[in-house]
Amino acid sequence: MRELKIFAIVAFFSLLTYYLVEPYAHHEMHKKVDTEGNEIHSESHGFKYDGKPDIAEAHRAKNKALVESKTAFWADVAKIGQLKGNASAGQSHFASCAGCHDANVNMGGVIPPVLDHAGAIYDKNYLIALIKDPAIASNIDHKYKDTGNHPMGAIKFMMPDDQSIADVVAYMLEHKAGEVTPKEAYEEACMRCHAVRYGKLPQLGDTPKFKHEKDSLAHKIKVIEEQDRVKAYMGKLPPDLSIMIRARSEHFMKTFVENPQSQLAGTSMPRVGLSAEGYEKVEAYMVSTGDPSKAKREAVGPWVILFFVIFTILAYLWKKSQWKDLH
Amino acid sequence: MAHFDDKAMPFGNKWMDERIGLNTLKRVLNTEYWIPKDINFLWAMGMVLAATFGILVVSGIFLLMYYKPDVNLAFDSVNYTIMSEVGYGWFWRHIHGVGASIVFLIIYIHMFTGIYYGSYKRGRELIWLSGMGLFVAFSAEAFSGYMLPWGQMSYWAGMVITNLFSGGSLEAYGLVEWIRGDYVPGDAYLTRFFMLHVLLIPLAIIGLIVLHFGTLRLPHVNNQEGADIDYKESAELWKAGKKKESKVIPFSPVFLSKDLFVMGVYFIIFFYLVFYNFEFSMDPVNFDPADGLKTPAHIYPEWYFLWSYEILRPFSKDIGLIAFGIAQIAFVFLPFADRSPNVAPAHKRGLFNIWFWVLLIDMIVLTAMGKLPPTDPVFAMIGLVSAVLFLAMGPLLVLITMFEKKIEKGA
Ligand code: HEM
């Protein structure tokens with residue numbers, strides 16, 4: 001039928017245009033190439049950390065020494081991963097972590113995050129790497145001449161041997177892995193750097209309710225001072241994440257959190273070694289502030305569309321009756 | 001003095017007819033507004049456009065209740081207040097966003113329908129010209145609306161587009177500042193575009209729609225074969241009950257029933273997009289708040305402006321601006337550039353048919369290149385070639401149609 005043929009032509013050109021200006025253009029715009037012009041595919045590694053992307057980056061930078069040291073580092077991490085950790089032995093080592101992490105004061109730029117759910121939101125291999133050398137693990141070692149200067153760098157000298165690393169990680173996987181809410185996951189993983197103003201959640205955590213404006217302003221000043229410290233540490237104030245979930249694609253968010261260098265080479269944001277479940281929780285929090293209508297859309301959508309399907313059927317029947325003896 | 005029946009029931013048919021000529025209105029606009037029988041669903045696009053404009057107005061009114069035109073408040077009033085606090089605020093915003101984007105798809109379909117069937121010719125010139133007026137007004141409406149959320153793309157696209165008014169080497173920065181009300185886009189800029197978006201341009205659009213409809217009434221709409229219909233004769237046949245013999249149908253209820261069916265299909269697609277696939281109409285970059293110190297990696301307009309943007313880009317500054325200026329007004333001259341005596345669908349017009357499809361494909365290519373990074377030499381080359389081709393299409397049309405043979409219409 002002629003009308004269907006015309007419809008097919010219109011649909012074809014509309015979809016072609018859509019394809020060109022949306023998926024294709026975005027792919028071309030965000031394409032990354034190395035110095036030889038070969039495309040670098042940044043894909044998610046399922047929130048598993050074995051150092052391969054970091055080693056590949058060193059290869060691309062043609063830095064042989066770095067390739068070797070990173071390869072050795074991640075091989076060590078894998079080896080420690082094989083060790084059987086002893087959770088109760090790990091408990092005493094964990095005290096040295098708590099010394100910094102329970103203090104709730106800024107250390108070298110940020111307030112060390114609470115570790116209450118570290119065993120649940122971080123990947124095991126990543127935790128091992130982090131305790132071995134925080135700067136290399138989070139792929140920002142290029143910022144340091146001596147990775148011992150990283151704000152958490154002191155940990156390198158606090159763990160007597162590989163077995164104690166395996167033990168403290170085993171301790172966290174067993175005792176710091178309770179049920180975690182999306183907000184808690186976000187607070188532990190990102191809050192020390194990023195504010196979420198739609199969640200009234202600056203770097204210092206939930207804003208208390210103040211009776212007097214004076215107290216509220218005093219708190220505001222504290223927040224600004226904390227932000228200044230983060231800014232000094234990171235070189236810039238990390239962006240507010242309120243609606244970041246709509247400003248970046250899902251693919252970008254995943255690959256970026258897994259390895260910020262893959263999307264913004266040279267950025268000061270460290271890798272946050274979340275596990276897949278950990279990221280899911282953080283993402284859920286960001287959806288709750290940035291795209292809160294997601295669930296509603298899915299609930300209302302089918303009904304609105306059903307309404308128009310019925311409308312169309314009725315209109316079609318009416319049209320048929322009106323046009324029946326025209327030809 | 002007219003006659004008024006004292007016994008007529010208030011607001012009844014007779015009562016109304018005596019006061020505002022209800023029956024005449026119904027006859028002129030509905031039951032005896034004759035539409036050719038031989039038309040396809042593309043002729044429903046005008047009503048689809050009118051309906052989409054209605055949807056944009058209604059959703060816009062809801063958004064207007066919470067939007068705050070102030071550079072410090074605008075972004076959060078849209079992205080927080082409307083999206084999280086206001087019940088169903090997200091619904092109206094997504095409708096408004098998708099509507100603003102889709103209305104241009106339908107406008108382009110509507111325009112290309114007109115071009116294909118030669119509906120801008122012989123008596124229908126004013127329909128085309130008022131239609132172009134609508135195109136310009138919708139473009140201004142879309143651009144001003146895009147400024148309102150005050151995101152990164154609002155700011156930077158606003159910066160780039162207003163910069164065009166410096167006229168290249170003319171360096172008319174005074175004019176640019178006059179338009180912006182400031183050296184860079186700021187509060188004065190936002191509030192004036194707010195006024196344009198919610199008052200002045202919508203008023204102009206409503207006026208232009210009335211004019212567009214007015215210009216349609218006497219020439220009647222064209223038909224699939226471009227046939228010159230004797231409306232008097234056909235109308236008489238219809239009124240005499242000879243529906244099969246008549247070449248026309250009344251707008252209401254016969255054509256309206258088809259319009260409604262087409263609208264139904266359209267709304268199914270429209271709301272599918274609103275609920276499940278709206279990203280194309282709300283650029284992610286605009287969810288980053290405006291920051292005058294941080295230029296985004298890629299600045300591009302919404303998809304419907306890309307083809308003319310690409311005519312600007314590949315040339316040097318001044319030539320680009322001139323080419324862009326020509327592209328903006330090129331379509332206005334269509335009724336006069338087409339010298340052919342034929343009102344017929346393109347597939348019956350020989351070379352014109354090729355011209356039509358080349359134009360369509362060239363504009364799609366321009367649209368694609370307008371968004372692709374110009375740093376890629378291949379894309380830059382394709383962009384340049386298609387821009388030159390577009391500029392050549394006007395003179396080519398004059399040439400082609402001058403020699404077009406008159407089609408002798410049989411029965
Ligand atoms: C954006 C708002 C517009 C609205 C609401 C609108 C509405 C309409 C309506 C209701 C019709 C009659 C039915 C039909 O043929 O589809 C029509 C016809 C027409 N319009 Fe528009 N229109 C708009 C924009 C335009 C534009 C941008 C152009 C092109 C410059 C245009 C050119 C025409 C032409 C040439 C016809 C006559 C078609 C024929 O005779 O077959 N219109 N319009």
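Throughout, read-outs are computed from the coordinates displayed, never taken from laboratory work. This structure is a prediction, so every number in the text was calculated from the model and none was measured. Methodologically, a virtual Cβ is constructed for each residue, glycine included, from the backbone with ideal geometry; neighbour enumeration extends over all protein chains shown.
Under a 5 Å amide H cut-off, with hydrogens placed 1.01 Å from N, residue B:249 pairs with B:35, B:37 among residues at least 5 apart or on other chains. 3J(HN,Hα) along the stretch A:56-61: 4, 4, 5, 4, 4, 7 Hz, from the Karplus curve 6.51 cos²θ - 1.76 cosθ + 1.60 with θ = phi - 60°, whole Hz, x for Gly and Pro. Placing +1 on each Lys and Arg Cβ and -1 on each Asp and Glu Cβ, with no other charges, gives the stretch A:187-267 a dipole about its Cα centre of roughly 240 debye.
Mind listing which trypsin sites (Lys or Arg not before Pro) in the stretch A:164-257 are in a DSSP loop and have 15 or fewer other Cβ atoms within 10 Å? Those that pass, being in a loop and sparsely packed, are A:200, A:209, A:211, A:236.
How high is the relative contact order of chain A, in percent, counting Cα pairs under 8 Å that sit 6 or more residues apart? Here the relative contact order equals 19 percent.
Please identify every one of the trypsin sites (Lys or Arg not before Pro) in the stretch A:113-159 that sits in a loop by DSSP and has no more than 13 other beta carbons within 10 Å of its own beta carbon.
Numbers: sites: A:124, A:132, A:143, A:145, A:156; in loops: A:145.
Hits after loop and neighbour filter: A:145.
Each other residue within a Cβ distance under 15 Å of residue A:241 adds +1 if Lys or Arg and -1 if Asp or Glu, for a net charge of +1.
Placing +1 on each Lys and Arg Cβ and -1 on each Asp and Glu Cβ, with no other charges, gives the protein assembly as shown a dipole about its Cα centre of roughly 2120 debye. For the options A:29, A:152, A:172, a Gaussian network treatment of chain A with springs between C-alpha atoms closer than 10 Å singles out A:29 as fluctuating the most.
Residues whose amide H comes within less than 5 Å of that of residue A:40, counting only those at least five positions distant or on another chain, are A:32, A:33, A:34 (H built at 1.01 Å from N in the peptide plane). GNM remark for chain B: springs join alpha carbons under 10 Å apart, and the peak mean-square fluctuation among B:121, B:294, B:348 falls on B:294. Mean partner shielding of peptide B:79-91, defined as the number of other chain Cβ atoms within 10 Å of each residue Cβ, is 4. I'd like to know which of B:117, B:86, B:285 lies farthest towards the positive end of the charge dipole of the stretch B:31-293, counting +1 on Cβ of Lys and Arg and -1 on Cβ of Asp and Glu. Checked the options; the winner is B:117. Report the trypsin sites (Lys or Arg not before Pro) located in the stretch B:1-96 that are in a DSSP loop and have at most 16 other Cβ atoms inside 10 Å of their Cβ, or state none. Filter output for the stretch B:1-96: B:7.
Using +1 at the Cβ of each Lys and Arg and -1 at the Cβ of each Asp and Glu in the protein assembly as shown, identify which of A:42, A:113, B:200 lies farthest towards the dipole's positive end. My answer, from the dipole projection, is B:200.
Positive contributions from Lys and Arg (+1) and negative ones from Asp and Glu (-1), summed over other residues with Cβ under 11 Å from the Cβ of residue A:167, come out at -2. For residue A:122, the residues whose amide H sits under 5 Å from its own are A:275, ignoring neighbours fewer than 5 places away on the same chain, with H placed 1.01 Å from N. Note on the protein assembly as shown: dipole from Cβ charges, positive end direction compared against A:85, A:71, B:99; the farthest Cα belongs to B:99. Between residue B:184 and residue B:19, the modelled label-to-label distance comes to 5.9 nm, taking each label 7 Å out from Cα in the direction of the beta carbon.
The magnitude of the dipole of the stretch A:125-169, with charges of +1 and -1 set on the Cβ of Lys/Arg and Asp/Glu and taken from the Cα centre, is near 220 debye. For chain B, a/c is not less than 1.5, where a ≥ b ≥ c are the root eigenvalues of the C-alpha gyration tensor, and a/b does not top b/c. That puts it in the oblate class.
Here the Karplus relation 6.51 cos²θ - 1.76 cosθ + 1.60, evaluated at θ = phi - 60°, turns the backbone of the stretch B:221-231 into coupling constants of 6, 5, 9, 4, 9, x, 5, 8, 8, 7, 5 Hz, with x for every Gly and Pro. Normalised by 2.2 N^0.38 Å, where N is the number of residues, the alpha-carbon radius of gyration of the stretch B:1-56 equals 1.68.
Sorting B:84, B:386, A:96 by the number of Cβ atoms found within 10 Å of their own Cβ, with the fewest placed first, yields A:96, B:84, B:386.
To the nearest 0.05, what FRET efficiency results for residue A:45 and residue B:279 with a Förster distance of 25 Å applied to their C-beta separation?
E(calc), rounded to 0.05, equals 0.50.
Shape class of the stretch A:202-282 from the alpha-carbon gyration tensor: prolate, with a/c at 1.5 or above and a/b greater than b/c. Taken one residue at a time, the phi angles of the stretch B:184-196 give Karplus couplings (6.51, -1.76, 1.60, θ = phi - 60°) of 10, x, x, 4, 4, 5, 5, 5, 6, 5, 4, 4, 4 Hz. Gly and Pro are set to x. What FRET efficiency would be calculated for the residue pair residue A:26, residue B:348, taking the C-beta separation as r and a Förster radius of 51 Å, to the nearest 0.05? The value I calculate is 0.80.
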